[in-house]
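Peer 1: First the structure, then my questions, so here it is.
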Amino acid sequence: MAFNATPYVIAFHDEIFYLTTWNCLLRQGTNNNNKFVYDVQMYKAGPRLIPRCGQIRIWTATIEGIYFARDLDTPPVLALRWIEK
């Protein structure tokens, strides 16, 4: 996703036989010089018989770091600072 790109939603369902996991590699820097990087586990399924349906998670990357909110009504808070690679 490019700087100032339109946000988007990734909708998915948990797998029954495998634990669904989503990881994202977030990078920050200019002209493909990604000086800072973070590999974040954005989602991990719960126990097989307890689905986590209908949840919304908001991750926002800024110059300062990576912000996180558990729902649309809560302002994002700084969760991670960039790690220089």
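Peer 1: On the given criteria, is Gly65 in contact with a strand residue (DSSP E or B) (Cβ under 8 Å, 6 or more places away or on another chain), at pLDDT 85 or above and at positive phi?
Peer 2: Here the answer is yes, as Gly65 does meet what is asked.
Peer 1: Going through the stretch 12-44 one residue at a time, which ones are outside any strand (DSSP E or B) and at negative phi?
Peer 2: Result: Phe12, His13, Asp14, Glu15, Ile16, Phe17, Tyr18, Leu19, Thr20.
Peer 1: Something else now. Would the stretch 14-37 turn up any residue that is modelled with pLDDT under 80 and under 26 Å from Thr74 (Cα atoms)?
Peer 2: Among the residues of the stretch 14-37, at least one is modelled with pLDDT under 80 and under 26 Å from Thr74 (Cα atoms), which makes the answer yes.
Peer 1: May I pose another question? Conditions: (1) loosely packed, with under 10 Cβ neighbours inside 10 Å; (2) at pLDDT below 80. Leu72 meets all but one. Number of the miss?
Peer 2: With respect to (1) loosely packed, with under 10 Cβ neighbours inside 10 Å; (2) at pLDDT below 80, Leu72 is out only on (2).
Peer 1: Which of the residues belonging to the stretch 38-53 are at pLDDT below 80 and closer than 22 Å to Ala79 by Cα?
Peer 2: If we filter the stretch 38-53 for residues that are at pLDDT below 80, which is where we start, we get 46-53.
Matches in the stretch 38-53: Gly46, Arg52.
The values are calculated or read from the model by the stated rules, or taken from the named source; none is laboratory data. Just so it is clear, the model here is predicted, and its values are computed rather than measured. Every residue, glycine among them, receives a Cβ derived from its backbone with ideal geometry; neighbour counts consider all protein chains shown.
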